[in-house]
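Everything on this sheet refers to the single structure shown next.
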2 protein chains.
Amino acid sequence: MLHQSDQLDLIYQALADAGRRAMLDQLSRGPATVSKLAEPLDMTLSAVVQHLKILEASGLVRSEKLGRVRTCRADPKVLAMAERWINQRRLMWERKLDKLGDLLASQPDDDDSGKDVKS
Amino acid sequence: MLHQSDQLDLIYQALADAGRRAMLDQLSRGPATVSKLAEPLDMTLSAVVQHLKILEASGLVRSEKLGRVRTCRADPKVLAMAERWINQRRLMWERKLDKLGDLLASQPDDDDSGKDVKS
DNA sequence: TGATTGGTGAAGCATTTGCTTAACTATCAA
DNA sequence: TTGATAGTTAAGCAAATGCTTCACCAATCA
């Protein structure tokens with residue numbers, strides 16, 4: 001059983017490579033075979049398979065083999081998980097910034113040195 | 001000037017570590033000094049500073065030094081950028097899945113083997 | 001002043017990543 | 001059965017990561 005934090009490690013690690021993001025991008029437009037996935041990328045099939053393993057380990061992509069062809073597709077649920085983590089933090093600290101803004105706005109013009117809102 | 005793709009590399013790379021996410025988490029609850037940031041983490045101050053550099057290089061965190069104290073705060077705009085990339089892909093392929101669902105639903109029970117919807 | 005606090009920077013080191021080439025297996029088609 | 005196609009796996013290697021320790025600087029405090 002994978003801890004949520006470990007899976008987030010794997011997901012963001014998977015996203016941290018332009019080649020893998022390109023693969024996800026292609027998969028977001030529909031399923032693809034390994035060689036189709038490799039086609040636009042300037043690397044060997046072998047390298048692509050290794051990237052694919054990383055994407056699968058993170059859960060972002062699943063695949064199944066039929067005959068000699070492996071077809072890959074992306075899993076939106078796992079991507080949603082990565083999105084949620086970011087979204088929660090972002091909202092939390094945007095709310096914080098707003099409150100700070102309100103506070104400063106309610107304060108009449110005052111020397112607020114040492115308390116810079118945003119540089 | 002940083003290409004968008006390069007910055008995404010840096011952002012996701014920065015997010016791909018539980019320690020750095022913990023730091024962001026703390027920063028989402030408000031600014032903090034380097035040592036405050038280090039306190040709950042089981043590693044040397046030196047290591048924390050190195051993580052901080054990674055977070056700053058990605059743009060997720062900015063900091064300024066006053067006297068001998070460095071105060072760090074997170075930047076929601078950069079996080080929004082990471083969120084947007086994910087969100088766009090996710091929506092794209094959820095739409096795709098929905099359309100596929102509709103198609104299958106409209107199709108009376110039929111053997112559609114060998115007839116992939118879009119290759 | 002001299003000691004303490006808060007942070008910085010450079011080695012150094014083990015592990016991981018991202019790629020390559022090359023050998024191999026399994027399926028399909030003739 | 002022979003050959004092409006699709007993919008897999010292992011070995012090897014350079015570079016990047018994630019830590020540590022140690023030496024150091026600069027602001028404050030007694």
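Of the helices (runs of 4 or more DSSP H) lying entirely inside the stretch A:1-75, the ones with 3 or more residues being open to solvent by 30 Å² or more (accessible area, probe 1.4 Å) are found at A:4-15, A:18-28, A:45-58.
Residues checked against (1) more than 18 Å from A:P76 (Cα to Cα); (2) within 12 Å of another protein chain (Cβ to nearest Cβ); (3) modelled with pLDDT of 95 or more:
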site: B:S35; (1), (2), (3): yes, no, yes
site: B:S46; (1), (2), (3): yes, no, yes
site: B:N87; (1), (2), (3): no, yes, yes
site: B:L100; (1), (2), (3): no, yes, no
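Taken together, A:A22, A:A80 contain a single residue that is small (G, A, S) and more than 8 Å from chain B (Cβ to nearest Cβ), which is A:A22.
The values are calculated or read from the model by the stated rules, or taken from the named source; none is laboratory data. Please read all numbers here as calculations on a predicted model, not as lab measurements. Backbone-built Cβ (ideal geometry, glycine too); neighbour counts: all protein chains shown. Only protein heavy atoms, including side chains, enter the accessible area calculation; ligands, DNA and RNA are left aside. Shrake-Rupley method; radii C 1.70, N 1.55, O 1.52, S 1.80 Å.
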